[in-house]
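The values are calculated or read from the model by the stated rules, or taken from the named source; none is laboratory data. Just so it is clear, the structure is predicted and the values come from calculations on it, not from any experiment. Because the Cβ atoms are built from the backbone with ideal geometry, glycine has one as well, and the counts that use them run over all protein chains shown.
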Amino acid sequence: MNNSLLPLWNENEWVPPRRSRLYSISPQAQGTPMVEALHSLVIRLARAHNVKPHVLVKEEVLRDCEINYTKHSAKFVTTYLSTMNGLGKYAREIKDSLESLTMQSRLDECTFLRWEDLFQYRSRRMLHSHPHWCPVCFSEWRKTDIEPYYPLIWQSTIVQFCPVHHVPLEQKCPACQKTQPFIPRHYFLDHCSYCHGSLAQPDSQPTERGEQRISSDAQQAIDTIAEMIMLDQSAQHLLNAEHFWERLKEAADRFCDGQIKPFEKILGFSEGTFSNWKLGRHKPSFSAFYRLTRSLGTTPVAFLTDGAIETFSPHSIASKPRKTRRAHLKHPEKDQISKALHAIIDQGYSERPMREVAARIGYAHRYLIYWFPDQCRQISQLHRNWVSEQVEQRVGEREDLTVATVRQLYAGNLRVTRGLVHTELRKLGLSLKDPVVRDAFYDVRSEQIPLRRAPSKVE
(Lines give C-alpha, C1' and ligand atoms only; values in the text may rest on other atoms or scores of the structure.)
Protein backbone atom coordinates (compact mmCIF):
# COMPACT_ATOMS: atom_id res chain seq x y z
CA MET A 1 0.00 0.00 0.00
CA ASN A 2 1.26 3.45 -0.89
CA ASN A 3 2.32 5.25 2.29
CA SER A 4 1.45 8.59 0.69
CA LEU A 5 -2.27 7.74 0.95
CA LEU A 6 -2.21 7.02 4.69
CA PRO A 7 -2.84 10.65 5.79
CA LEU A 8 -6.05 10.66 3.73
CA TRP A 9 -7.57 7.93 5.88
CA ASN A 10 -7.61 8.84 9.55
CA GLU A 11 -9.70 6.36 11.48
CA ASN A 12 -9.84 8.56 14.57
CA GLU A 13 -11.69 11.32 12.72
CA TRP A 14 -14.40 9.14 11.15
CA VAL A 15 -17.72 9.12 13.06
CA PRO A 16 -20.43 6.69 11.93
CA PRO A 17 -23.78 8.35 11.17
CA ARG A 18 -26.65 7.93 13.62
CA ARG A 19 -29.13 5.25 12.76
CA SER A 20 -32.78 5.17 13.78
CA ARG A 21 -34.03 2.01 15.40
CA LEU A 22 -37.26 2.09 13.38
CA TYR A 23 -37.88 3.23 9.84
CA SER A 24 -38.31 6.98 9.62
CA ILE A 25 -41.76 6.91 8.04
CA SER A 26 -43.23 10.38 7.70
CA PRO A 27 -46.92 10.98 8.51
CA GLN A 28 -49.24 11.03 5.53
CA ALA A 29 -50.56 14.43 4.37
CA GLN A 30 -48.29 16.29 6.82
CA GLY A 31 -48.95 20.02 6.79
CA THR A 32 -52.60 19.63 5.71
CA PRO A 33 -55.91 19.26 7.62
CA MET A 34 -55.86 15.57 6.65
CA VAL A 35 -52.61 14.85 8.49
CA GLU A 36 -52.26 11.28 9.74
CA ALA A 37 -53.20 10.40 13.31
CA LEU A 38 -50.48 9.04 15.59
CA HIS A 39 -52.08 5.61 16.04
CA SER A 40 -52.26 5.24 12.26
CA LEU A 41 -48.54 5.97 11.98
CA VAL A 42 -47.81 3.26 14.57
CA ILE A 43 -49.76 0.70 12.54
CA ARG A 44 -47.98 1.61 9.31
CA LEU A 45 -44.65 1.30 11.13
CA ALA A 46 -45.64 -2.21 12.20
CA ARG A 47 -46.41 -3.08 8.59
CA ALA A 48 -43.04 -1.74 7.44
CA HIS A 49 -41.28 -3.97 9.98
CA ASN A 50 -43.62 -6.93 9.27
CA VAL A 51 -44.71 -7.35 12.89
CA LYS A 52 -48.09 -7.16 14.56
CA PRO A 53 -48.97 -3.67 15.80
CA HIS A 54 -49.40 -4.70 19.45
CA VAL A 55 -45.95 -6.36 19.37
CA LEU A 56 -44.33 -3.17 18.07
CA VAL A 57 -46.16 -1.11 20.71
CA LYS A 58 -45.15 -3.40 23.57
CA GLU A 59 -41.60 -4.27 22.58
CA GLU A 60 -40.44 -0.95 21.11
CA VAL A 61 -42.74 2.04 21.57
CA LEU A 62 -43.58 1.49 25.25
CA ARG A 63 -40.22 0.06 26.25
CA ASP A 64 -38.76 3.38 27.42
CA CYS A 65 -42.08 4.95 28.43
CA GLU A 66 -43.39 5.32 31.96
CA ILE A 67 -46.56 3.44 31.02
CA ASN A 68 -47.55 0.17 32.67
CA TYR A 69 -48.55 -2.37 30.05
CA THR A 70 -48.74 -6.16 30.01
CA LYS A 71 -49.96 -8.64 27.44
CA HIS A 72 -53.14 -9.11 29.48
CA SER A 73 -53.99 -5.39 29.49
CA ALA A 74 -56.92 -5.63 27.09
CA LYS A 75 -58.45 -2.44 28.47
CA PHE A 76 -55.23 -0.60 27.80
CA VAL A 77 -55.32 -1.50 24.11
CA THR A 78 -59.05 -0.93 23.64
CA THR A 79 -59.50 2.15 25.84
CA TYR A 80 -56.40 3.96 27.02
CA LEU A 81 -54.48 3.86 23.74
CA SER A 82 -57.29 5.88 22.14
CA THR A 83 -55.84 8.94 23.89
CA MET A 84 -52.53 8.75 22.00
CA ASN A 85 -54.12 10.98 19.35
CA GLY A 86 -55.18 13.59 21.89
CA LEU A 87 -53.33 15.12 24.79
CA GLY A 88 -52.07 13.99 28.14
CA LYS A 89 -49.65 11.36 29.41
CA TYR A 90 -50.12 8.63 26.80
CA ALA A 91 -50.00 11.03 23.85
CA ARG A 92 -46.87 12.75 25.20
CA GLU A 93 -45.02 9.53 26.09
CA ILE A 94 -45.79 7.71 22.85
CA LYS A 95 -45.02 10.77 20.71
CA ASP A 96 -41.63 11.25 22.37
CA SER A 97 -40.83 7.54 22.03
CA LEU A 98 -41.69 7.49 18.32
CA GLU A 99 -39.64 10.61 17.64
CA SER A 100 -36.65 8.97 19.33
CA LEU A 101 -37.10 5.62 17.56
CA THR A 102 -37.61 7.12 14.09
CA MET A 103 -35.30 10.14 14.50
CA GLN A 104 -37.88 12.62 13.27
CA SER A 105 -39.64 15.59 14.84
CA ARG A 106 -43.00 17.40 14.67
CA LEU A 107 -45.01 14.27 15.45
CA ASP A 108 -47.09 16.43 17.78
CA GLU A 109 -48.87 17.49 14.58
CA CYS A 110 -50.39 14.00 14.56
CA THR A 111 -52.06 14.71 17.91
CA PHE A 112 -53.76 17.57 19.76
CA LEU A 113 -50.78 17.95 22.11
CA ARG A 114 -50.40 21.61 21.18
CA TRP A 115 -53.62 22.28 23.08
CA GLU A 116 -52.42 20.50 26.21
CA ASP A 117 -51.95 23.68 28.29
CA LEU A 118 -55.51 24.80 27.60
CA PHE A 119 -57.72 21.72 27.76
CA GLN A 120 -58.26 19.06 30.39
CA TYR A 121 -55.93 16.07 30.22
CA ARG A 122 -58.93 13.72 29.84
CA SER A 123 -58.67 13.90 26.09
CA ARG A 124 -61.08 11.00 25.50
CA ARG A 125 -63.82 13.63 25.57
CA MET A 126 -62.41 15.20 22.43
CA LEU A 127 -61.78 11.89 20.64
CA HIS A 128 -64.01 9.09 19.45
CA SER A 129 -63.81 5.96 21.61
CA HIS A 130 -63.23 3.89 18.44
CA PRO A 131 -61.54 4.69 15.12
CA HIS A 132 -63.73 6.35 12.51
CA TRP A 133 -63.10 6.27 8.77
CA CYS A 134 -64.48 7.33 5.41
CA PRO A 135 -65.13 4.28 3.20
CA VAL A 136 -64.97 6.43 0.05
CA CYS A 137 -61.49 7.69 0.93
CA PHE A 138 -60.28 4.13 1.54
CA SER A 139 -61.67 3.08 -1.84
CA GLU A 140 -60.11 5.99 -3.74
CA TRP A 141 -56.74 5.59 -2.03
CA ARG A 142 -56.55 1.91 -3.00
CA LYS A 143 -57.35 2.76 -6.62
CA THR A 144 -54.66 5.44 -6.78
CA ASP A 145 -51.98 3.36 -4.97
CA ILE A 146 -52.05 5.57 -1.87
CA GLU A 147 -51.47 3.65 1.34
CA PRO A 148 -54.66 3.94 3.45
CA TYR A 149 -54.34 5.75 6.75
CA TYR A 150 -56.48 7.42 9.42
CA PRO A 151 -56.41 11.25 9.38
CA LEU A 152 -56.47 12.95 12.76
CA ILE A 153 -59.55 14.97 11.85
CA TRP A 154 -61.63 11.78 11.56
CA GLN A 155 -61.00 10.99 15.23
CA SER A 156 -62.54 14.16 16.72
CA THR A 157 -65.86 13.68 18.50
CA ILE A 158 -67.51 16.66 16.82
CA VAL A 159 -66.56 15.55 13.28
CA GLN A 160 -69.22 13.18 11.94
CA PHE A 161 -68.64 13.58 8.20
CA CYS A 162 -65.65 13.21 5.90
CA PRO A 163 -64.16 16.63 5.07
CA VAL A 164 -63.52 15.53 1.48
CA HIS A 165 -66.62 13.56 0.42
CA HIS A 166 -69.11 14.78 3.05
CA VAL A 167 -70.30 11.22 3.70
CA PRO A 168 -70.91 10.01 7.28
CA LEU A 169 -67.86 8.51 8.95
CA GLU A 170 -68.16 4.81 9.74
CA GLN A 171 -67.17 3.11 12.99
CA LYS A 172 -68.40 -0.47 12.44
CA CYS A 173 -67.30 -3.09 9.96
CA PRO A 174 -70.01 -3.50 7.29
CA ALA A 175 -69.58 -7.30 7.44
CA CYS A 176 -69.41 -8.20 11.14
CA GLN A 177 -70.69 -4.90 12.62
CA LYS A 178 -67.81 -4.68 15.10
CA THR A 179 -66.02 -1.49 16.11
CA GLN A 180 -62.30 -1.41 15.40
CA PRO A 181 -59.52 -1.12 18.00
CA PHE A 182 -56.88 1.60 17.79
CA ILE A 183 -54.22 -1.11 17.76
CA PRO A 184 -55.65 -3.80 15.44
CA ARG A 185 -54.66 -7.43 15.15
CA HIS A 186 -53.10 -6.87 11.72
CA TYR A 187 -51.57 -3.88 9.96
CA PHE A 188 -54.02 -3.37 7.05
CA LEU A 189 -55.81 -0.19 8.06
CA ASP A 190 -58.67 -0.53 5.57
CA HIS A 191 -59.58 -4.08 6.68
CA CYS A 192 -61.50 -5.29 9.72
CA SER A 193 -59.41 -6.43 12.66
CA TYR A 194 -61.80 -9.34 13.31
CA CYS A 195 -63.33 -10.70 10.08
CA HIS A 196 -60.65 -9.17 7.79
CA GLY A 197 -63.37 -7.75 5.54
CA SER A 198 -62.80 -4.54 3.61
CA LEU A 199 -63.78 -1.26 5.26
CA ALA A 200 -63.73 0.57 1.92
CA GLN A 201 -66.82 1.36 -0.08
CA PRO A 202 -67.60 -1.32 -2.70
CA ASP A 203 -67.17 -0.40 -6.36
CA SER A 204 -70.88 -1.06 -6.85
CA GLN A 205 -71.68 2.04 -4.78
CA PRO A 206 -69.86 4.93 -6.48
CA THR A 207 -70.00 8.33 -4.79
CA GLU A 208 -69.01 11.36 -6.81
CA ARG A 209 -67.32 14.18 -4.99
CA GLY A 210 -69.55 17.19 -4.39
CA GLU A 211 -72.89 15.34 -4.51
CA GLN A 212 -73.22 15.07 -0.74
CA ARG A 213 -74.49 18.05 1.26
CA ILE A 214 -74.06 18.44 4.99
CA SER A 215 -75.56 20.84 7.50
CA SER A 216 -73.93 24.09 8.51
CA ASP A 217 -73.26 22.69 12.01
CA ALA A 218 -71.42 19.68 10.56
CA GLN A 219 -69.37 21.94 8.28
CA GLN A 220 -68.55 24.24 11.20
CA ALA A 221 -67.28 21.26 13.20
CA ILE A 222 -65.01 20.24 10.31
CA ASP A 223 -63.69 23.79 9.91
CA THR A 224 -63.08 24.06 13.67
CA ILE A 225 -60.93 20.93 13.88
CA ALA A 226 -59.13 21.80 10.65
CA GLU A 227 -58.17 25.18 12.13
CA MET A 228 -56.96 23.53 15.33
CA ILE A 229 -54.83 21.04 13.39
CA MET A 230 -53.38 23.70 11.07
CA LEU A 231 -52.57 26.18 13.86
CA ASP A 232 -49.07 27.48 13.25
CA GLN A 233 -46.33 26.81 15.77
CA SER A 234 -45.85 30.57 16.15
CA ALA A 235 -49.31 30.82 17.74
CA GLN A 236 -48.44 28.37 20.52
CA HIS A 237 -48.39 31.22 23.04
CA LEU A 238 -52.16 31.62 22.61
CA LEU A 239 -52.91 28.13 23.88
CA ASN A 240 -52.88 28.65 27.64
CA ALA A 241 -55.38 29.35 30.39
CA GLU A 242 -54.18 32.91 31.05
CA HIS A 243 -54.71 34.08 27.47
CA PHE A 244 -58.03 32.27 27.29
CA TRP A 245 -59.24 34.08 30.42
CA GLU A 246 -58.15 37.44 28.95
CA ARG A 247 -60.28 36.83 25.86
CA LEU A 248 -63.19 35.69 28.01
CA LYS A 249 -62.92 38.81 30.20
CA GLU A 250 -62.82 41.02 27.11
CA ALA A 251 -66.07 39.46 25.88
CA ALA A 252 -67.70 39.90 29.30
CA ASP A 253 -66.62 43.57 29.37
CA ARG A 254 -68.05 44.14 25.92
CA PHE A 255 -71.42 42.43 26.32
CA CYS A 256 -72.15 42.32 30.08
CA ASP A 257 -70.29 45.33 31.52
CA GLY A 258 -67.60 43.06 32.92
CA GLN A 259 -70.05 40.93 34.92
CA ILE A 260 -69.00 37.27 34.71
CA LYS A 261 -72.09 35.66 36.26
CA PRO A 262 -74.58 37.22 33.82
CA PHE A 263 -72.24 36.29 30.98
CA GLU A 264 -72.21 32.67 32.18
CA LYS A 265 -75.99 32.68 32.31
CA ILE A 266 -76.31 34.12 28.81
CA LEU A 267 -74.02 31.46 27.34
CA GLY A 268 -75.81 28.64 29.18
CA PHE A 269 -73.08 27.72 31.69
CA SER A 270 -73.69 27.02 35.36
CA GLU A 271 -72.68 29.65 37.89
CA GLY A 272 -69.03 29.54 38.87
CA THR A 273 -67.80 27.70 35.76
CA PHE A 274 -65.75 30.61 34.41
CA SER A 275 -64.43 31.45 37.88
CA ASN A 276 -63.17 27.89 38.31
CA TRP A 277 -61.35 28.22 34.99
CA LYS A 278 -59.78 31.49 36.09
CA LEU A 279 -58.68 30.18 39.49
CA GLY A 280 -57.15 27.09 37.89
CA ARG A 281 -59.34 24.61 39.74
CA HIS A 282 -59.79 22.79 36.47
CA LYS A 283 -59.22 23.47 32.80
CA PRO A 284 -62.10 23.76 30.35
CA SER A 285 -63.01 20.59 28.54
CA PHE A 286 -62.92 20.60 24.77
CA SER A 287 -66.69 20.17 24.54
CA ALA A 288 -67.28 23.16 26.88
CA PHE A 289 -64.81 25.32 24.97
CA TYR A 290 -66.40 24.39 21.65
CA ARG A 291 -69.88 25.16 23.02
CA LEU A 292 -68.62 28.51 24.29
CA THR A 293 -67.14 29.57 20.95
CA ARG A 294 -70.19 28.36 19.03
CA SER A 295 -72.44 30.47 21.26
CA LEU A 296 -70.22 33.46 20.52
CA GLY A 297 -70.47 32.77 16.79
CA THR A 298 -66.79 32.00 16.31
CA THR A 299 -64.27 29.14 16.44
CA PRO A 300 -61.67 28.23 19.11
CA VAL A 301 -58.73 29.48 17.03
CA ALA A 302 -60.51 32.67 16.00
CA PHE A 303 -61.60 33.36 19.58
CA LEU A 304 -58.08 32.98 20.95
CA THR A 305 -56.65 35.08 18.12
CA ASP A 306 -59.18 37.88 17.71
CA GLY A 307 -61.66 37.45 20.56
CA ALA A 308 -65.44 37.52 20.19
CA ILE A 309 -66.86 38.83 16.94
CA GLU A 310 -68.35 42.33 16.84
CA THR A 311 -71.69 41.12 15.48
CA PHE A 312 -72.38 38.88 18.47
CA SER A 313 -75.57 39.72 20.34
CA PRO A 314 -76.49 38.17 23.70
CA HIS A 315 -80.14 38.24 22.67
CA SER A 316 -79.41 35.90 19.75
CA ILE A 317 -78.89 32.99 22.16
CA ALA A 318 -82.12 31.19 22.91
CA SER A 319 -82.51 31.05 26.66
CA LYS A 320 -83.48 27.76 28.26
CA PRO A 321 -86.81 27.61 30.09
CA ARG A 322 -86.36 28.18 33.77
CA LYS A 323 -86.86 25.18 35.99
CA THR A 324 -89.57 25.78 38.54
CA ARG A 325 -89.83 24.01 41.84
CA ARG A 326 -93.11 22.59 43.02
CA ALA A 327 -94.66 24.43 45.94
CA HIS A 328 -95.09 22.78 49.34
CA LEU A 329 -97.86 20.22 49.58
CA LYS A 330 -101.14 21.43 50.89
CA HIS A 331 -102.90 19.39 53.57
CA PRO A 332 -105.70 17.94 51.36
CA GLU A 333 -103.19 16.88 48.71
CA LYS A 334 -100.82 15.46 51.33
CA ASP A 335 -103.63 13.47 52.96
CA GLN A 336 -104.72 12.06 49.61
CA ILE A 337 -101.21 10.81 48.77
CA SER A 338 -100.74 9.42 52.29
CA LYS A 339 -104.02 7.43 52.02
CA ALA A 340 -102.92 5.96 48.67
CA LEU A 341 -99.58 4.87 50.10
CA HIS A 342 -101.08 3.43 53.28
CA ALA A 343 -103.61 1.45 51.22
CA ILE A 344 -100.71 -0.39 49.58
CA ILE A 345 -98.99 -0.92 52.94
CA ASP A 346 -102.16 -2.28 54.55
CA GLN A 347 -102.64 -4.98 51.91
CA GLY A 348 -99.28 -6.45 52.96
CA TYR A 349 -97.62 -6.71 49.56
CA SER A 350 -96.79 -4.59 46.51
CA GLU A 351 -96.51 -6.08 43.04
CA ARG A 352 -95.06 -2.83 41.69
CA PRO A 353 -91.81 -1.10 42.69
CA MET A 354 -91.95 2.34 44.27
CA ARG A 355 -91.11 4.06 40.98
CA GLU A 356 -94.19 2.56 39.28
CA VAL A 357 -96.32 3.34 42.31
CA ALA A 358 -95.28 6.97 42.09
CA ALA A 359 -96.12 7.06 38.37
CA ARG A 360 -99.59 5.62 39.01
CA ILE A 361 -100.26 8.19 41.73
CA GLY A 362 -99.06 10.94 39.40
CA TYR A 363 -95.95 12.23 41.18
CA ALA A 364 -92.23 12.01 40.62
CA HIS A 365 -90.41 9.22 42.43
CA ARG A 366 -87.96 11.56 44.16
CA TYR A 367 -90.80 13.86 45.12
CA LEU A 368 -92.60 11.12 47.08
CA ILE A 369 -89.36 9.96 48.68
CA TYR A 370 -88.76 13.51 49.91
CA TRP A 371 -92.24 13.98 51.42
CA PHE A 372 -93.04 10.39 52.49
CA PRO A 373 -89.72 8.64 53.18
CA ASP A 374 -91.07 6.06 55.68
CA GLN A 375 -94.03 5.00 53.54
CA CYS A 376 -91.86 4.73 50.43
CA ARG A 377 -89.33 2.64 52.32
CA GLN A 378 -92.06 0.25 53.51
CA ILE A 379 -93.54 -0.13 50.02
CA SER A 380 -90.08 -0.85 48.56
CA GLN A 381 -89.53 -3.55 51.19
CA LEU A 382 -92.97 -5.05 50.49
CA HIS A 383 -92.11 -5.20 46.79
CA ARG A 384 -88.79 -6.91 47.48
CA ASN A 385 -90.56 -9.48 49.69
CA TRP A 386 -93.14 -10.09 46.99
CA VAL A 387 -90.42 -10.59 44.35
CA SER A 388 -88.62 -13.07 46.63
CA GLU A 389 -91.85 -15.04 47.16
CA GLN A 390 -92.47 -15.18 43.43
CA VAL A 391 -88.95 -16.43 42.84
CA GLU A 392 -89.33 -19.16 45.46
CA GLN A 393 -92.69 -20.15 44.00
CA ARG A 394 -91.26 -20.48 40.49
CA VAL A 395 -88.31 -22.48 41.86
CA GLY A 396 -90.72 -24.89 43.54
CA GLU A 397 -92.79 -25.26 40.37
CA ARG A 398 -89.71 -26.06 38.26
CA GLU A 399 -88.49 -28.53 40.87
CA ASP A 400 -91.84 -30.34 41.14
CA LEU A 401 -92.24 -30.53 37.35
CA THR A 402 -88.73 -31.93 36.93
CA VAL A 403 -89.23 -34.57 39.62
CA ALA A 404 -92.56 -35.67 38.12
CA THR A 405 -91.13 -35.87 34.59
CA VAL A 406 -88.02 -37.87 35.55
CA ARG A 407 -90.00 -40.29 37.75
CA GLN A 408 -92.39 -40.87 34.87
CA LEU A 409 -89.45 -41.80 32.64
CA TYR A 410 -88.14 -44.26 35.22
CA ALA A 411 -91.63 -45.71 35.67
CA GLY A 412 -91.74 -46.55 31.96
CA ASN A 413 -88.85 -49.02 32.47
CA LEU A 414 -86.77 -47.04 30.01
CA ARG A 415 -83.02 -46.64 30.00
CA VAL A 416 -83.01 -43.11 31.38
CA THR A 417 -80.02 -41.15 30.09
CA ARG A 418 -79.08 -37.55 30.46
CA GLY A 419 -79.86 -36.94 26.77
CA LEU A 420 -83.35 -38.44 27.14
CA VAL A 421 -84.06 -36.30 30.20
CA HIS A 422 -82.78 -33.23 28.41
CA THR A 423 -85.11 -33.89 25.45
CA GLU A 424 -88.18 -34.36 27.64
CA LEU A 425 -87.44 -31.32 29.76
CA ARG A 426 -87.00 -29.12 26.69
CA LYS A 427 -90.57 -29.92 25.70
CA LEU A 428 -91.66 -28.37 28.99
CA GLY A 429 -89.45 -25.30 28.66
CA LEU A 430 -86.91 -26.58 31.21
CA SER A 431 -83.17 -27.12 30.89
CA LEU A 432 -80.53 -29.04 32.79
CA LYS A 433 -78.43 -25.87 32.71
CA ASP A 434 -80.77 -24.54 35.36
CA PRO A 435 -79.25 -25.47 38.78
CA VAL A 436 -82.71 -26.10 40.25
CA VAL A 437 -83.67 -28.48 37.45
CA ARG A 438 -80.29 -30.20 37.49
CA ASP A 439 -80.34 -30.78 41.27
CA ALA A 440 -83.89 -32.15 41.09
CA PHE A 441 -82.85 -34.58 38.34
CA TYR A 442 -79.84 -35.79 40.35
CA ASP A 443 -82.03 -36.31 43.44
CA VAL A 444 -84.49 -38.49 41.53
CA ARG A 445 -81.69 -40.42 39.85
CA SER A 446 -79.98 -41.10 43.18
CA GLU A 447 -83.20 -42.57 44.60
CA GLN A 448 -84.05 -44.62 41.49
CA ILE A 449 -80.64 -46.23 40.82
CA PRO A 450 -80.64 -48.35 44.04
CA LEU A 451 -84.18 -49.52 43.24
CA ARG A 452 -83.13 -50.56 39.74
CA ARG A 453 -80.07 -52.47 40.98
CA ALA A 454 -81.95 -54.31 43.79
CA PRO A 455 -82.60 -58.03 42.90
CA SER A 456 -86.24 -58.92 42.33
CA LYS A 457 -87.81 -61.27 44.89
CA VAL A 458 -88.68 -64.79 43.60
CA GLU A 459 -91.81 -66.30 45.12
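Here is the figure for region 162-182: residues that are under 20 Å from LEU152 (Cα atoms) and either in a loop (DSSP other than H, G, I, E, B) or touching a residue at least 60 places away in the same chain (Cβ under 8 Å) (or both) total 12.
Exactly one residue among GLU392, GLU399, GLU356 is among the charged types (D, E, K, R) and touching a helix residue (DSSP H, G or I) at 6+ places or on another chain (Cβ under 8 Å), and that residue is GLU399. Taking first residues from region 59-72 that are hydroxyl-bearing (Ser, Thr, Tyr) and partners that are at pLDDT 80 or above, the Cβ contacts under 6 Å between residues at least 6 apart in sequence or on separate chains come to TYR69/LEU62. Look at (1) modelled with pLDDT under 90; (2) in the same structural domain as LEU38 (by TED's automatic domain parsing); (3) on the phi < 0 side of the Ramachandran plot and you find that HIS196 fails only one, number (3). Does region 40-55 include one or more residues that are hydrophobic (A, V, I, L, M, F, W, C) and modelled with pLDDT under 90? Within region 40-55, one or more residues are hydrophobic (A, V, I, L, M, F, W, C) and modelled with pLDDT under 90.
Restricting the search to helices (runs of 4 or more DSSP H) fully inside region 356-459 and requiring at least 3 residues that are more than 20 Å from HIS342 (Cβ to Cβ) and either modelled with pLDDT of 90 or more or assigned by TED's automatic domain parsing to the domain that holds ALA343 (or both) gives 373-411, 418-427, 435-453.
Is it the case that PRO321 is in a loop (DSSP other than H, G, I, E, B), modelled with pLDDT of 80 or more and not hydroxyl-bearing (Ser, Thr, Tyr)? Judged against the criteria, PRO321 is not a match.
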